[in-house]
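The values are calculated or read from the model by the stated rules, or taken from the named source; none is laboratory data. Since this is a predicted model, take the numbers as computed values, not measurements. All Cβ positions, glycine included, derive from the backbone under ideal geometry; neighbour counts span all protein chains shown. When the accessible area is computed, the model is the full protein with side chains, heavy atoms only, and any ligands, DNA or RNA have been set aside. Shrake-Rupley method; radii C 1.70, N 1.55, O 1.52, S 1.80 Å.
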Amino acid sequence: MRPVLKKCVETLGERPSRRSFSLADHHELAGMVREVFLRPDSLSREDLELQIETEVRDRINLLLDLYSFAEQTEDHEWVENIRERLSQLSAMLPELNQFYA
(Lines give C-alpha, C1' and ligand atoms only; values in the text may rest on other atoms or scores of the structure.)
Protein backbone atom coordinates (compact mmCIF):
# COMPACT_ATOMS: atom_id res chain seq x y z
CA MET A 1 0.00 0.00 0.00
CA ARG A 2 2.97 2.28 0.48
CA PRO A 3 3.31 3.30 -3.21
CA VAL A 4 -0.39 4.19 -3.39
CA LEU A 5 -0.20 6.20 -0.18
CA LYS A 6 2.92 7.98 -1.44
CA LYS A 7 1.13 8.82 -4.70
CA CYS A 8 -1.85 10.21 -2.76
CA VAL A 9 0.40 12.36 -0.57
CA GLU A 10 2.26 13.67 -3.64
CA THR A 11 -1.01 14.83 -5.18
CA LEU A 12 -1.54 17.08 -2.14
CA GLY A 13 1.43 19.23 -3.18
CA GLU A 14 4.09 20.95 -1.09
CA ARG A 15 1.72 23.08 0.99
CA PRO A 16 -1.50 21.14 1.25
CA SER A 17 -4.49 22.59 3.01
CA ARG A 18 -6.05 20.54 5.75
CA ARG A 19 -8.25 17.89 4.25
CA SER A 20 -8.77 14.21 4.55
CA PHE A 21 -9.00 11.33 2.15
CA SER A 22 -9.53 7.64 2.51
CA LEU A 23 -6.86 5.22 1.34
CA ALA A 24 -9.74 2.83 0.73
CA ASP A 25 -10.81 5.05 -2.16
CA HIS A 26 -7.40 4.65 -3.81
CA HIS A 27 -6.28 1.10 -3.01
CA GLU A 28 -8.22 -1.99 -4.02
CA LEU A 29 -7.39 -4.09 -0.95
CA ALA A 30 -7.93 -1.27 1.53
CA GLY A 31 -11.38 -0.69 0.05
CA MET A 32 -12.27 -4.37 0.28
CA VAL A 33 -11.10 -4.65 3.88
CA ARG A 34 -13.14 -1.57 4.77
CA GLU A 35 -16.23 -3.13 3.16
CA VAL A 36 -15.79 -6.35 5.17
CA PHE A 37 -15.34 -4.46 8.45
CA LEU A 38 -18.36 -2.23 7.81
CA ARG A 39 -20.70 -5.19 7.48
CA PRO A 40 -23.06 -5.58 10.43
CA ASP A 41 -22.00 -9.19 11.06
CA SER A 42 -19.84 -9.71 14.11
CA LEU A 43 -17.27 -12.22 12.93
CA SER A 44 -14.37 -13.81 14.75
CA ARG A 45 -10.84 -13.01 13.63
CA GLU A 46 -10.61 -16.30 11.75
CA ASP A 47 -13.92 -15.65 10.00
CA LEU A 48 -12.79 -12.14 9.05
CA GLU A 49 -9.57 -13.48 7.58
CA LEU A 50 -11.46 -16.11 5.60
CA GLN A 51 -13.99 -13.52 4.40
CA ILE A 52 -11.23 -11.16 3.25
CA GLU A 53 -9.39 -13.95 1.45
CA THR A 54 -12.60 -15.03 -0.27
CA GLU A 55 -13.37 -11.44 -1.28
CA VAL A 56 -9.84 -10.98 -2.66
CA ARG A 57 -10.02 -14.16 -4.73
CA ASP A 58 -13.47 -13.25 -6.06
CA ARG A 59 -12.31 -9.73 -6.94
CA ILE A 60 -9.22 -11.09 -8.72
CA ASN A 61 -11.43 -13.39 -10.80
CA LEU A 62 -13.75 -10.51 -11.66
CA LEU A 63 -10.85 -8.24 -12.60
CA LEU A 64 -9.32 -10.96 -14.78
CA ASP A 65 -12.61 -11.24 -16.66
CA LEU A 66 -12.76 -7.46 -17.05
CA TYR A 67 -9.11 -7.41 -18.14
CA SER A 68 -9.85 -9.87 -20.92
CA PHE A 69 -12.78 -7.77 -22.10
CA ALA A 70 -10.78 -4.53 -21.89
CA GLU A 71 -8.02 -6.07 -24.01
CA GLN A 72 -10.55 -7.25 -26.60
CA THR A 73 -11.97 -3.73 -26.86
CA GLU A 74 -8.43 -2.31 -26.99
CA ASP A 75 -9.18 0.12 -24.17
CA HIS A 76 -5.59 0.67 -23.06
CA GLU A 77 -6.45 3.05 -20.22
CA TRP A 78 -8.89 0.52 -18.75
CA VAL A 79 -6.36 -2.30 -19.17
CA GLU A 80 -3.78 -0.28 -17.23
CA ASN A 81 -6.28 0.54 -14.47
CA ILE A 82 -7.17 -3.14 -14.10
CA ARG A 83 -3.48 -4.13 -14.10
CA GLU A 84 -2.83 -1.73 -11.23
CA ARG A 85 -5.81 -3.03 -9.26
CA LEU A 86 -4.76 -6.65 -9.86
CA SER A 87 -1.20 -5.96 -8.75
CA GLN A 88 -2.47 -4.44 -5.49
CA LEU A 89 -4.47 -7.59 -4.76
CA SER A 90 -2.05 -10.22 -6.01
CA ALA A 91 0.69 -8.80 -3.79
CA MET A 92 -1.44 -9.80 -0.77
CA LEU A 93 -2.14 -13.42 -1.74
CA PRO A 94 1.04 -14.92 -0.24
CA GLU A 95 0.34 -13.11 3.03
CA LEU A 96 -3.26 -14.29 3.08
CA ASN A 97 -2.22 -17.86 2.38
CA GLN A 98 0.04 -17.97 5.43
CA PHE A 99 -3.06 -18.13 7.65
CA TYR A 100 -4.07 -21.45 6.12
CA ALA A 101 -0.70 -23.13 5.58
Seminar exercise, completed: With all protein chains present and a 1.4 Å probe, the order of Glu49, Glu14 from largest accessible area down is Glu14, Glu49
Exercise. If R0 is 22 Å, what FRET efficiency do you get for Glu84 and Glu49 from their C-beta distance, rounded to 0.05?
Worked result: 0.35
Seminar exercise, completed: Taking R0 as 25 Å and r as the Cβ-Cβ distance between Arg39 and Gln72, the FRET efficiency 1/(1 + (r/R0)^6), rounded to the nearest 0.05, comes to 0.15
